[in-house]
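S.K.: First the structure, then my questions, so here it is.
The values are calculated or read from the model by the stated rules, or taken from the named source; none is laboratory data. This one's a predicted model, so the numbers in the text were calculated from it and none came from an experiment. Every residue, glycine as well, gets a Cβ built from its backbone with ideal geometry; the counts of neighbours run over all protein chains shown. For accessibility, only protein heavy atoms count, side chains too; no ligands or nucleic acids. Shrake-Rupley method; radii C 1.70, N 1.55, O 1.52, S 1.80 Å.
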Amino acid sequence: MAIKTRNFNEARQQASTNIELIWWVFMRVSGVLLVFLVLGHIYMNNIMISNTSIDYDYVASRFSQPLIKVYDLVMLALAMLHGTNGLRYVIDDYVHHAGWRSFIKFVLYFLVALLIATGTMLLFSFPFNKVGG
């Protein structure tokens, strides 16, 4: 079950294990980081340039920079883990049969690992070459 508290000390008292407390802290930290990462992403892709001028050449030139790849990988990983942990809370709260809960969580974790691995491979192995002049 999700820890429903207002501050860290209440969460520490209510957590059944240290891992629950770590996930409680992770949700707060990742939420704040994601706000700034997404706002930075929006600024870079919609405000710095016109979003009508975004094409393959723009994306290829952007992804040819290693720092942008790391930026997007961090955003992908944090978003996926943040959302997965939220879904884990929902599953714990609403799926009461232990067998079904375990099965649903296994499928969720498998899909998240697959999506993060696919995103990472795409970012770091796809040859982003310009097609235009």
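S.K.: Within the range 22-36, is there a residue that is of a type in the set (D, E, K, R), under 22 Å from the mean Cα position of the chain (by Cα) and surrounded by fewer than 16 Cβ atoms within 10 Å (Cβ to Cβ)?
M.R.: yes
S.K.: Test of understanding: among T118, T84, which residue is within 27 Å of L37 (Cβ to Cβ) and open to solvent by less than 40 Å² (accessible area, probe 1.4 Å)?
M.R.: Going through T118, T84 in turn, just one is within 27 Å of L37 (Cβ to Cβ) and open to solvent by less than 40 Å² (accessible area, probe 1.4 Å): T84.
S.K.: Across the range 93-113, what is the total count of residues that are part of a helix (DSSP H, G or I), open to solvent by 30 Å² or more (accessible area, probe 1.4 Å) and either under 21 Å from R28 (Cα atoms) or not aliphatic (A, V, I, L, M) (or both)?
M.R.: Number of matching residues: 11.
S.K.: In the range 121-133, how many residues are assigned to a helix (DSSP H, G or I) and either open to solvent by less than 70 Å² (accessible area, probe 1.4 Å) or of a type in the set (V, I, T) (or both)?
M.R.: Count: 1.
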